[in-house]
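These notes are about the structure you will find just below.
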Amino acid sequence: MTPALLVLAAGMGSRYGGLKQLDPMGPHGETVMDYAIFDALRAGFGRVVFVIRRDFEEPFKQQVLSRYEGRIDASYCFQDMDDLPGGFQRPPERTKPWGTTHAILAARDVMHEPFAAINADDFYGQHSYQVLHDFLADPARQADPHSYAMVGFRLRATLSPHGTVARGVCVTDAQGHLQSIRELTKILPVDDHVENQDGTVPPERFTGEEPVSMNMWGFTPALMPQIEQAFAEFLEGQGHDLTSECYIPLTIDRLIARGECVVDVLPTSSRWFGVTYREDKPGVTRAMADLAAGGAYPAPLFG
């Protein structure tokens, strides 16, 4: 089956200060999502589904979906905060979305083929899409519905000089299988190393060479019942916490610990770019311009 692309585009980007999914980054006004769609198309993905907020629907259709008409089969679904497993209800005071596990689960009725799941506001690069597509399209992989993948990036290459970031730090075995993943939320470069400054004394140190998850995953539809159960367990234990989120890296870590899936960590030669803070934008804009000038992308992208 031809793999599909699932784009998680429901986040507001609170630290950034706006809808960065619609912010132009490329030399001709392209968004980061435009590069994702372009790279997915040339890697061989067959269609794209966006997960969005319901109140984002009209600007999304006008400013995003219209860009891809005639280029790729594109559709969307909603991440609804009240879309919860049976027996659970959203606390009336809760306004924060439930997290990336819930965002992927929002697409359970429309994903019927192997699929990649990505953040809408991250640039992953052409090679990353190619290796993930080839993994998902491999008939031997498709024979095992619980064989998943994650594209791994170097920790040091994913940091921001403008503040702390959250990263899923990974441990792999000799075969390149993911053994565990820890979501750390206060990671910062310090001199010749990297620290997680979450209040632990002394701060946990890293070399910066560790593989990290940037939420670029390869799944099959078999994931959906697994994460629905995992999300129900999250709600049982943490659903009363108005700010808790169910992150997909932590959900996958739990599935691995239970022996319910195998995850290959796929190395990539691509550079990662991301905009966590508004101050990150000039650097990403320069990087996009350099890639276009070097011939990696046409300018304009969809000319």
For this session: Please enumerate the residues belonging to the stretch 165-175 that are in contact (Cβ under 8 Å) with a residue 24 or more places away in the chain and surrounded by fewer than 20 Cβ atoms within 10 Å (Cβ to Cβ).
Result: T172
Exercise. Can you name the condition, by its number, that T220 falls short on among (1) without any contact (Cβ under 8 Å) to a residue 12 or more places away in the chain; (2) crowded, with 18+ Cβ neighbours inside 10 Å?
Worked result: (1)
Exercise. Out of the stretch 224-256, which residues are part of a helix (DSSP H, G or I) and charged (D, E, K, R)?
Worked result: E228, E233, E236, D253, R254
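Filter the strands (runs of 3 or more DSSP E) completely within the stretch 159-199 down to those with at least 3 residues that are aliphatic (A, V, I, L, M).
Working: elements: 165-172, 178-190, 193-196.
Here the list reads 165-172, 178-190.
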For this session: Working only within the stretch 94-127, note down all residues that are touching a helix residue (DSSP H, G or I) at 6+ places or on another chain (Cβ under 8 Å) and either without any contact (Cβ under 8 Å) to a residue 60 or more places away in the chain or of a type in the set (S, T, Y) (or both).
Result: T100, T101, Y124
Exercise. Restricted to the stretch 274-286, and to residues that are in contact (Cβ under 8 Å) with a residue 60 or more places away in the chain and either small (G, A, S) or part of a helix (DSSP H, G or I) (or both), which residue is farthest from G163 (Cα to Cα)?
Worked result: T285
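With the structure loaded, tell me whether G274 is within 15 Å of the chain's Cα centre (by Cα) and farther than 14 Å from H102 by Cα or whether it fails that test.
Working: within 15 Å of the chain's Cα centre (by Cα): yes; farther than 14 Å from H102 by Cα: yes.
Yes: the conditions hold for G274.
Please tell me if M12 is closer than 30 Å to A232 by Cα and modelled with pLDDT of 90 or more. Step through it out loud before you land on a result.
Values: closer than 30 Å to A232 by Cα: yes; modelled with pLDDT of 90 or more: no.
No: the conditions fail for M12.
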Problem set entry | Single residue of the stretch 253-268 satisfying the filter (more than 18 Å from the chain's Cα centre (by Cα) and in contact (Cβ under 8 Å) with a residue 60 or more places away in the chain) that is surrounded by the most Cβ atoms within 10 Å (Cβ to Cβ) | C261
Exercise. If we scan the stretch 176-190, do we find a residue that is buried (at least 17 other Cβ atoms within 10 Å of the Cβ) and touching a His at 6+ places or on another chain (Cβ under 7 Å)?
Worked result: no
Problem set entry | Selection from the stretch 269-303 of residues that are under 22 Å from L132 (Cα atoms), among the hydroxyl-bearing types (S, T, Y) and surrounded by fewer than 18 Cβ atoms within 10 Å (Cβ to Cβ) | S269
Exercise. Does any residue of the stretch 123-135 turn out to be under 13 Å from the mean Cα position of the chain (by Cα) and among the β-branched types (V, I, T)?
Worked result: no
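The values are calculated or read from the model by the stated rules, or taken from the named source; none is laboratory data. All values derive from a computational prediction rather than experimental measurement. Glycine gets a Cβ as well: all are built from the backbone with ideal geometry, and neighbour counts include every protein chain shown.
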